[in-house]
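Here is the structure we will look at.
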Number of protein chains: 2
Amino acid sequence: MGPGPASADPRVLRAMSAQLVGQYDPVMTAYMDETMALYRRVFRTRNEATVLVDGTSRAGIEAVLVSLLEPGDRVLVPVFGRFGHLLREIAERCGAEVHTIEAEWGTVFEPERVEEAVRRVRPKLLAVVQGDTSTTMNQPLADLGRIAREHDALLYADVTATLGGNEFAMDDWGVDAATAGLQKCLGGPSGSSPTSLSPRAVAVLDSRRSVEAGLRADPDAPAPRRRIASNYFDLGMVLDYWGPQRLNHHTEATTMLYGARECARILLAEGLEVAVARHRLHGEAMLAGVQGLGLAVFGDVAHKMANVVAVEIPDGVDGEGVRRALLADYGIEIGTSFGPLAGRVWRIGTMGHNARKDAVLLTLAALEQVLRAAGARVGAGGGTVAAQEVYAAHDARHDVAAPAGAVA
Amino acid sequence: MGPGPASADPRVLRAMSAQLVGQYDPVMTAYMDETMALYRRVFRTRNEATVLVDGTSRAGIEAVLVSLLEPGDRVLVPVFGRFGHLLREIAERCGAEVHTIEAEWGTVFEPERVEEAVRRVRPKLLAVVQGDTSTTMNQPLADLGRIAREHDALLYADVTATLGGNEFAMDDWGVDAATAGLQKCLGGPSGSSPTSLSPRAVAVLDSRRSVEAGLRADPDAPAPRRRIASNYFDLGMVLDYWGPQRLNHHTEATTMLYGARECARILLAEGLEVAVARHRLHGEAMLAGVQGLGLAVFGDVAHKMANVVAVEIPDGVDGEGVRRALLADYGIEIGTSFGPLAGRVWRIGTMGHNARKDAVLLTLAALEQVLRAAGARVGAGGGTVAAQEVYAAHDARHDVAAPAGAVA
């Protein structure tokens, strides 16, 4: 129940235990095509260039940044948490000229502030995290695509921690590149990064295309100018491998592909909007529950991600001791945070397979016991009762008959 | 039965279906420590710095090259197949000054030739593939470590296609960096790259260490000079994450770690030498079998990898048609090759879970049928009888009682 990785959906794990097939077996290439189509629906995009990058979420981030950016290119990163700093650092390592604007941790940016900075910096790329789990904030993106286009910039969004559990509309919002991971709202393990690129982003790759030396007729031909600085993360090559050419690059991580495919199948069978609403419901229940336990919540709750809440550690309570007791005695993991919030908040997630009523109520019940044992003043039942009220109100709104024994 | 990925050991797939645990759960960190210890035994090294890189084999290659090489550093790559060209290309993208020597496809290098080039180029890094599946050649490495040390160079070996099925002795041979994959002799899926670094290699990383902006007290402090050009592949950071500091970097790909751990457990339970001997036996049986079918074998057989054989496609036979028929009608995949060998050879593997008598005999039996249907002249039973003779001779040498019904 931390900020991710969360427990995987058992169906995903079963899909990952299937025997491998060869990388050019028609079964495998059909799975690849199917996975592309599934993730187009998950990202809500028509982008042909929708693939998996074989690595954890930050592999997807780095693949996009190193493929789009050349040394000296200007990048603007609005930073509102740890993962904004990560975008900035990766862009710097690409040799880009990186400009940042910063929002206080626990807040998000108004679009006007981003627009002012875009006008001033004139970046080739505006790179932003949608949900930064370090602060739990969810940056509204709907206006940023328009701003980027008006100023001839590309917009990249890191949706690792939000996709599938918070609204994201790649095409409607004008996002040119987006990358995710499986280990948050998608209910899978880390190790595969779904990635989508708009035709505008692909045009940048096309201007930097190259074919690997060992696959060319003349391996000693000079390298193209402006070649991408990484082979593994050269998204032009990755697209040539996933596309009809099937030009050999890496050996697709078969088991991770089975997992990524199953994550998307399960999500789309539930329905994207239904899954987002489910994350909203259980996130609200968890929020009410921790408040019901008398705990203060960090940050601008109106802009909180649905799937994680940052809870201030009460004075006099040993935050790490509480985390240890929850894990050792109740088998429940919650997170701490980074930088200015390290040791100041716990982060409790409700995402993917863990965005469930029983997971929320068990966590609140256990947290109450552990807090009391740690010397905090907590009302008996305050967490679960508050959460149950959220569920009851939801059921009343949706005309759900309460099961026998449920709190009214 | 291609050159890899091969079928995974079912035990590995079962291990990968275990539920996830949090990345700092003591269970997970103990698994990480255990995986490091297991791969030290697999690489035959005492290197503390033995970890997994989260990505396919070429992720491990790129991590080593980008972490050890700075722009302008001199690298020497002896190229004897497609994957030598890959090392060269990745090193070029790192900005290194890359020098190559080339051996004709189907041959390997004499150590004297490498030594002459090292003396001339004076590289910081000598980078070589052990087994290049494109040609099936196995480059002897035992002398190269000595040569590298005598000329103050580091030696990197890409052992993706050989580890676990061919002899490799990292410390005895003086190899400073080695990377592998799971999908060849280790019997797992691609997507995780076991990587080991000698203290000499770690000293290079230490001179380039940095801590990620979002984890530092002062995220705006200037970046260290000589910082590694990739964040994801910054092996200094990867070591800080795997080491006792547990400094957050990527989120370890839990399921792939379960798989990598199980691959090593199975291999070491069998015994490294026993596994190498098993690959030798089944490789010899497959070699004898294809020769028994009247097919010519490509390359210097004395230096062939144990786990793959390149078979020349007979004149007048449609190579792709044979591959398609084997897959569609018999469920058996074999490979083609790259560059000068594309369309000229088939590559047949006997590796990992597929280095088994039944897999060898079924493949030979099916190949005979498909070749005959394709119009090739093949003697009835020539493949399986020749392979059975190899098995019988092996059993006689090892005093194995023939099971009832076995060919004498």
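The values are calculated or read from the model by the stated rules, or taken from the named source; none is laboratory data. Note that this is a predicted model, so its numbers are computed, not measured. Ideal geometry is used to build each Cβ from the backbone, glycine not excepted, and the neighbour counts take in all protein chains shown. Heads up: the accessible areas ignore ligands, DNA and RNA and are worked out on the full protein's heavy atoms, side chains in. Shrake-Rupley method; radii C 1.70, N 1.55, O 1.52, S 1.80 Å.
Observations on the structure shown:
- Taking all Cα pairs closer than 8 Å and separated by 6 or more residues, the relative contact order of segment B:280-362 comes to 32 percent.
- Within the listed set A:Asp206, A:Asp73, A:Asp315, the residue fluctuating most in the Gaussian network model of chain A (springs between alpha-carbon atoms under 10 angstrom) is A:Asp315.
- P(r) weight above 44 Å for the protein assembly as shown, C-alpha pairs, percent: 28
- ³J(HN,Hα), Karplus 6.51/-1.76/1.60, whole Hz, each residue of segment B:14-23, x for Gly, Pro: 5, 4, 6, 8, 6, 4, 6, 10, x, 5
- Computing Rg and the Kirkwood Rh from the Cα coordinates of chain B gives a ratio, Rg/Rh, of 1.00.
- GNM result for chain B, Cα springs below 10 Å: residue of B:Ala177, B:Ala217, B:Ala91 fluctuating most strongly: B:Ala217
- Across the identical copies, the label point of A:Val27 (7 Å from Cα in the Cβ direction) is separated from its matches by 3.1 nm, in order from shortest.
- Taking the 1.4 Å solvent-accessible surface of segment A:240-285 as the whole, the part contributed by carbon and sulfur is 52%.
- What separates the Cα centres of segment B:239-303 and segment B:188-237 is a distance of 27 Å.
- Coupling constants for segment B:52-62 follow from the phi torsions by the Karplus curve (6.51 cos²θ - 1.76 cosθ + 1.60, θ = phi - 60°), and in residue order they are 9, 9, 7, x, 6, 3, 6, 5, x, 4, 5 Hz; glycine and proline get x.
- Electrostatic bookkeeping for B:Ala285 treats Lys and Arg as +1 and Asp and Glu as -1; over the other residues with beta carbon under 15 Å from its beta carbon, the sum is +1.
- Compactness relative to 2.2 N^0.38 Å, alpha carbon Rg of segment A:1-110: 1.38
- Among A:Thr29, A:Thr350, A:Thr135, residue whose mean-square fluctuation peaks in a GNM of chain A (springs only between Cα atoms under 10 Å): A:Thr29
- All other residues whose Cβ lies under 15 angstrom from that of B:Glu262 are scored, Lys and Arg at +1 and Asp and Glu at -1, for a net of +2.
- Taking one quarter of the surface of the convex hull spanned by the alpha-carbon atoms of segment A:272-397 gives a direction-averaged projected area of 7.8 nm².
- Accessible area per residue, Å², segment A:272-397 with all protein chains present, probe 1.4 Å: 41
- Dipole in debye (nearest 20) - segment A:93-218, about Cα centre, beta carbon charges: Lys, Arg +1; Asp, Glu -1: 420
- Members of segment A:11-40 that become less accessible by 40 Å² or more once partner protein chains are added (1.4 angstrom probe, chain alone as reference): A:Leu13, A:Ser17, A:Gln19, A:Leu20
- Cleavage-rule hits (trypsin sites (Lys or Arg not before Pro)) in segment B:34-122: DSSP loop, at most 15 neighbouring Cβ within 10 angstrom: B:Arg46
- Amide H contacts for A:Val53 (H built 1.01 Å from N in the peptide plane; partners 5 or more residues away or on another chain; cut-off under 5 Å): A:Ser193, A:Thr195.
- Total accessible surface hidden between B and A, rounded to 100 Å², 1.4 Å probe: 5200
- Over chain B, dividing the summed -39,500 (n - 2.57) contributions of all DSSP H runs of at least 4 residues by the number of residues returns a 222 nm mean residue ellipticity of -12500 deg cm²/dmol.
- Which listed pairs, of A:Lys184/A:Lys304; B:Lys184/B:Lys304; A:Lys184/B:Lys184; A:Lys124/A:Lys184; B:Lys124/B:Lys184, have C-alpha distances above 24 Å, in listed order: A:Lys184/B:Lys184; A:Lys124/A:Lys184; B:Lys124/B:Lys184
- Sequence-separation-based contact order of chain B, relative, with Cα cut under 8 Å and 6+ spacing, percent: 21
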